[in-house]
Amino acid sequence: MPKKIPIQELEAIAAIIADNPDGVQVGAIRDGLKFDLPPRMLQRRLSMLAKQGRIVISGTGKGTRYRSPGVTLQVDSAHHNHRISNVKLEVYIPVSSEGNTIKTAIRLPVQDRQPAGYRREFLDAYRPNETFYLPEETRQRLLEMGRSSEVERPAGTYIRQIYNRLLIDLSWNSSRLEGNTYSLLETERLLELGENAEGKDVKEAQMILNHKAAIELLVEQATEIGFNRYTILNLHALLSDNLLADPQACGRLRIRPVGIDGTIYHPLEVPQLVEECFQQILDTATVIRDPFEQAFFVTVHLPYLQPFEDVNKRVSRLAANIPLICNNLCPLSFVDVPERAYVDGMLGVYELNRIELLRDVFVWAYERSCARYSAVRQSLGEPDPFRLRYRTIVAETIAEVVRGSMDRKAATAFIKKQASENIPHEDQVRLIEVVETEIMSLHEGNIARYRLRQSEYQTWREVWR
C-alpha cells in the first residue's frame, strides 16, 4: 500500500510557492522548508500538487519554475508569438487596505488559520440604523448611482423595464459564482429556448432555471416581498429545487449539521438556535432603513448562519435585491465579479467576522451593475483596461459572428475557439463573457463600431432570432 503523504508537507510547499508570484525554483523551495525533504521526494510532492491543480510548472531543466495558478501571465501584445513580457497577479477587484489584510489572512495554509464557530455576538452587536457596515459616504454614492426615474412609482416598476436583461445576467452571474460552467450565450439559449448546452452536467442547467424561477418571484410579487419567512423560504425552495438530496429540505430551515468546503469555519448545529438566529436576521433587516445597508446586511449574515442545508449564498444574493427592487433602484447582478474575490470576502466573514473585503466586493459589484443598466448618473472613471487590451480580437470576433450569420449555438462554439487560439488561458473566460455581452447588445444603432453593414446585421438577426 503506498505511503500516505503528510498534508502538512504539501501545504508548506504550496505556501512557499504562493509567496513567490514571479515563480520559484526548486532550490529556493527546499531552502524555505522548515523540515528536510530529499530532492526526489520533493519532486514527487511538486508533481502531486501540479496534478491537483494547486501549482503550475513552467520551463524545463534548470529553468523550471513553480507558481500558483492564481498568477496570470501578461501577453506582450506587440508580438504575435505571445511572448511572456511580465507577470501580474490574478484577476481581482481593487480592495481597501483592510480588505487586503483579510485577503492575506484567509489565504494562509489551513493549519495556520484558527478554527472558528458561529459567534452569535457578531449578530447581536448589530444595532439597526445605529450600526452601519456601509459608511454614509458609500451609501450616498450608491444611491446616486442606482437611483432611477421611477423612484416614486410602485415597487418593481424599474425592474420590469430591464427584466429580460436582468434575468439572464443575474441567473448567469450568480450561477457562475457557484462554479457553473455555462457561458452567457448558453445561459440565454437555456432561458429563452429551453435548450441545454451539450456536454454540461444537467445540474448546471437546473441551477440556472432555478434562478429564473426565483427572479420571477421577486419581480412578479415586488409589492409583497420583504425580509419575512415567506419570501426567504420560498426563494430557497425555488433555488434549491431538484438539487438537494432530501427534497423536503427545500424551503425548510435545516435540522442537521452542515460543513463548508475550503474553510475552517463550523456553522451552528442546534436547530433551535438556527431558527432563533434566522428570525433575528429577518427582524433586524426589516427595520434597517437604508436599502443598501439592508442588502449588504443579508449578504453578510444569511450565508454566515447557513440556515439551509445548501444554496445559502444563492439565497443571499437574490435576497440582497429585495430592497433594491422595492425602492426602484438599480438591481445587483454581480456582473464581472471574480469568483475568487467573492469567496475570499465570504471567508473573511466566516472565519474572522470581518466584513471589509466582502464590502469591497459588494460596492464594486454594484457599481458594475449600475453601469450595465444605465442607471448610473456619473462616470465610473477610466475605461476597462481588459476591453482596451483585447479590443481588436473582440471586434473581429463579433464581426465574424454577424457576417457568418451564426446562430447562438454556432456563435458560442466560435467564440470559445477564438479565445482558446488567440489569448492566454487565464483571460479566456473573461474574453468570452465580453464578446457574448457585446453580441447580445447589438442593435442598428451600434453596428458601425464593428464595421458591419445594415444588410449584414439584418440577415444575421433573422438567424439569431
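Just so you know, all these numbers are worked out from the coordinates, no wet-lab data involved. Values in this document were obtained by computation on a predicted structure and should not be read as measured data. When we count neighbours, we look across all protein chains shown, and the Cβ atoms used for this are built from the backbone with ideal geometry, even at glycine.
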Provide the packing ranking of 126-133, 390-397, i.e. peptides ordered by the mean count of other C-beta atoms within 10 Å per residue, highest first. 390-397, 126-133
Mind checking which of Ala410, Ile93, Phe227 is farthest towards the positive end of the chain's charge dipole, using Cβ charges of +1 (Lys, Arg) and -1 (Asp, Glu) about the Cα centre? Ala410
Would you calculate the separation in nanometres between label points at Asp124 and Thr157, each defined as 7 Å from the Cα along the Cα-to-beta-carbon direction? 4.4 nm
Tell me, what HN-Hα J-couplings in whole Hz come from the Karplus equation 6.51 cos²θ - 1.76 cosθ + 1.60 at θ = phi - 60° for each residue of region 192-207, using x for Gly and Pro? 8, 10, x, 9, 6, 6, 5, x, 9, 5, 4, 5, 5, 5, 4, 4
Chain lengthening between Val270 and Gln248 when straightened (0.36 nm per residue, less Cα-Cα): 6.0 nm
What nm value, rounded to one decimal, do you get for the distance between Met41 and His425 when each label is placed 7 Å out toward the C-beta? 3.0 nm
Quote the FRET efficiency, to the nearest 0.05, computed for Ser96 versus Gln458 with a Förster distance R0 of 41 Å and r equal to the Cβ-Cβ distance. 0.25
Flagged as over-length at 21 Å C-alpha distance, from Lys203/Lys313; Lys51/Lys313; Lys51/Lys103; Lys103/Lys313; Lys51/Lys409, the pairs are Lys51/Lys313; Lys51/Lys103; Lys51/Lys409
Taking 1 over the mean of 1/r across every pair of different Cα atoms in region 114-372, what Kirkwood radius in Å do you get? 18.5 Å
Rank the residues Phe362, Phe35 as a footprinting-exposure proxy: fewest other Cβ atoms within 10 Å of their Cβ go first. Phe35, Phe362
Dipole magnitude of the chain about its Cα centre, charges +1 at Lys/Arg Cβ and -1 at Asp/Glu Cβ only, in debye to the nearest 20? 1300 debye
Just want to confirm a number: the relative contact order over the chain, from Cα pairs under 8 angstrom separated by 6+ residues, in percent. 18 percent
Would you mind calculating the gained length between Gln114 and Arg30 on full extension (0.36 nm times residue separation, minus the Cα-Cα distance), in nm to one decimal? 27.6 nm
Relative exposure of Glu421, Glu216, Glu436, judged by other C-beta atoms within 10 Å (fewest first): Glu421, Glu216, Glu436
Row for region 7-69, column shape: gyration tensor on C-alpha, a ≥ b ≥ c, rounded if a/c < 1.5 i.e. under 1.5, prolate if a/b over b/c, else oblate; value rounded
Go ahead and run the numbers for FRET between Lys417 and Ser58, Cβ-Cβ distance against an R0 of 22 Å, rounding to 0.05. 0.35
Calculate for the chain the 222 nm mean residue ellipticity that helices alone would give, adding -39,500 (n - 2.57) per DSSP H run of length 4 or more and normalising by residue count, nearest 500 deg cm²/dmol. -17000 deg cm²/dmol
Work out, step by step, the length gained on full extension between Lys409 and Arg387: first 0.36 nm times the residue separation, then minus their alpha carbon distance; give nm to one decimal. 5.5 nm
